[in-house]
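Asker: This structure is in structure tokens; I'll ask about it shortly.
The values are calculated or read from the model by the stated rules, or taken from the named source; none is laboratory data. Computed from a predicted structure; not experimentally measured. Note that we place each Cβ from the backbone using ideal geometry, even for glycine, and neighbour counts take in every protein chain shown. Only protein heavy atoms, including side chains, enter the accessible area calculation; ligands, DNA and RNA are left aside. Shrake-Rupley method; radii C 1.70, N 1.55, O 1.52, S 1.80 Å.
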Amino acid sequence: MTFNLTPASAAYFGGIIQATGALVVGRKLYDFTNGWGGQHPLGVHTVVLTHRPLEDNEHFTFCSEGIEKAIEIAQAKAGDKGVGLNSGEVARQAIDAGLVDEIFLDLVPVILGGGTPFFAPGKGYELEGPLSVIESTSVTHLRYKVKYGDAASQGE
């Protein structure tokens, strides 16, 4: 996979890649990419949250025990690095379960017209920040801290 990035976006994504030790993705993305040909492009262990597990291998673990277990497995594989989540249903489940520390958003001026809502209303969390804003050509990279429970409802 090859793509071109501006220097600002390259530095941003390079930092994310260096900090990421494992991923959690959904089965829909895994199937859509045909399992990335056997290994995720980032080269890190990938946990696939699914109701239809396949056989685990050195690059993929298939978890049908829920988002909490999928993230637990990914954290063990990540070691001292972070766990990345693909957006959509997997990220929403993790946010709803209180398992997300930060959200990285890449704001691109394209109207897609649909998809899975990222933020569910009324779940007792809010975003603090942005903690960082990196402007590049045609994209703005944003990072927010997720606050849960009483601190979120009181605006602390």
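Asker: Out of the range 85-98, which residues are outside any strand (DSSP E or B) and either open to solvent by less than 70 Å² (accessible area, probe 1.4 Å) or among the charged types (D, E, K, R) (or both)?
Answerer: Asn86, Gly88, Glu89, Val90, Ala91, Arg92, Gln93, Ala94, Ile95, Asp96, Ala97, Gly98 - these are the residues of the range 85-98 that are outside any strand (DSSP E or B) and either open to solvent by less than 70 Å² (accessible area, probe 1.4 Å) or among the charged types (D, E, K, R) (or both).
Asker: Checking Thr46 against (1) out of contact with any His (no Cβ under 7 Å at 6 or more places or on another chain); (2) closer than 27 Å to Leu127 by Cβ; (3) free of Cβ contacts under 8 Å to residues at least 60 places away in the same chain, which test does it fail?
Answerer: Of everything listed in (1) out of contact with any His (no Cβ under 7 Å at 6 or more places or on another chain); (2) closer than 27 Å to Leu127 by Cβ; (3) free of Cβ contacts under 8 Å to residues at least 60 places away in the same chain, Thr46 misses just condition (1).
Asker: Another question about this same structure. Assess whether Ala70 counts as being surrounded by 17 or more Cβ atoms within 10 Å (Cβ to Cβ), in contact with a Cys (Cβ under 7 Å, 6 or more places away or on another chain) and at pLDDT 95 or above.
Answerer: So Ala70 passes the test.
Asker: Looking only at residues in the range 102-132 that are among the β-branched types (Val, Ile, Thr) and touching a Lys or Arg at 6+ places or on another chain (Cβ under 8 Å), which one is modelled with the lowest pLDDT?
Answerer: Quick first cut of the range 102-132, residues among the β-branched types (Val, Ile, Thr) only: 103, 108, 110-111, 116.
Filter once more, keeping what is touching a Lys or Arg at 6+ places or on another chain (Cβ under 8 Å): 103, 116.
On the way: Ile103: 92, Thr116: 65.
Result: Thr116.
Asker: Look through Leu29, Leu49, Leu54, Leu105 and report the one residue that is of a type in the set (A, V, I, L, M), open to solvent by 60 Å² or more (accessible area, probe 1.4 Å) and touching a strand residue (DSSP E or B) at 6+ places or on another chain (Cβ under 9 Å).
Answerer: Details: Leu29 fails: open to solvent by 60 Å² or more (accessible area, probe 1.4 Å); Leu49 fails: open to solvent by 60 Å² or more (accessible area, probe 1.4 Å); Leu105 fails: open to solvent by 60 Å² or more (accessible area, probe 1.4 Å).
Among Leu29, Leu49, Leu54, Leu105, only Leu54 is of a type in the set (A, V, I, L, M), open to solvent by 60 Å² or more (accessible area, probe 1.4 Å) and touching a strand residue (DSSP E or B) at 6+ places or on another chain (Cβ under 9 Å).
Asker: Now a separate question. Name the one entry in Gln18, Gln75, Gln39, Gln93 that is at pLDDT below 95 and polar (S, T, N, Q). So that I can check it myself, show each step before the final result.
Answerer: Numbers: Gln18 fails: at pLDDT below 95; Gln75 fails: at pLDDT below 95; Gln39 fails: at pLDDT below 95.
Residue meeting the stated conditions: Gln93.
Asker: Right, next: Quick one: which residue in Gly37, Gly21, Gly43 is small (Gly, Ala, Ser), in contact with a helix residue (DSSP H, G or I) (Cβ under 6 Å, 6 or more places away or on another chain) and either buried (at least 20 other Cβ atoms within 10 Å of the Cβ) or more than 20 Å from Leu142 (Cα to Cα) (or both)?
Answerer: Matching residue, one of Gly37, Gly21, Gly43: Gly21.
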